[in-house]
């Protein structure tokens, strides 16, 4: 899933919520897309600049995920942790 805007992110969350099962490939594809969007646009601010209106909206959305959908938050952050580990071991 290619997420480019906060509106895309909200749509992806809706799909993830309705697809949440341990073995549903759609769920994991959505989680992967959300994690990539979060990694580039919230942690690294590559495409969406820090403190821009979109960054502020992303912050609200990610807080909402954390509070309303803890399993989805956990699955996204597990992938983020992997990205951080890659940086630690990357030469």
Residue that is modelled with the highest pLDDT [pool: residues in the range 20-42 that are surrounded by fewer than 16 Cβ atoms within 10 Å (Cβ to Cβ) and either in a loop (DSSP other than H, G, I, E, B) or over 12 Å from the mean Cα position of the chain (by Cα) (or both)] | 26
Near pairs, Cβ below 6 angstrom, 6+ apart or cross-chain, from the range 61-81 (within 17 Å of residue 41 (Cβ to Cβ)) to any residue that is surrounded by fewer than 16 Cβ atoms within 10 Å (Cβ to Cβ) = 73/66
Looking only at residues in the range 43-55 that are in a helix (DSSP H, G or I) and surrounded by fewer than 13 Cβ atoms within 10 Å (Cβ to Cβ), which one is modelled with the highest pLDDT?
-> 53
Which one is nearest to residue 87 (Cα to Cα) among residues in the range 1-19 that are surrounded by fewer than 13 Cβ atoms within 10 Å (Cβ to Cβ) and modelled with pLDDT of 90 or more?
-> 4
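The values are calculated or read from the model by the stated rules, or taken from the named source; none is laboratory data. Nothing here was measured: the structure is a model prediction, and the numbers come from that model. Because the Cβ atoms are built from the backbone with ideal geometry, glycine has one as well, and the counts that use them run over all protein chains shown.
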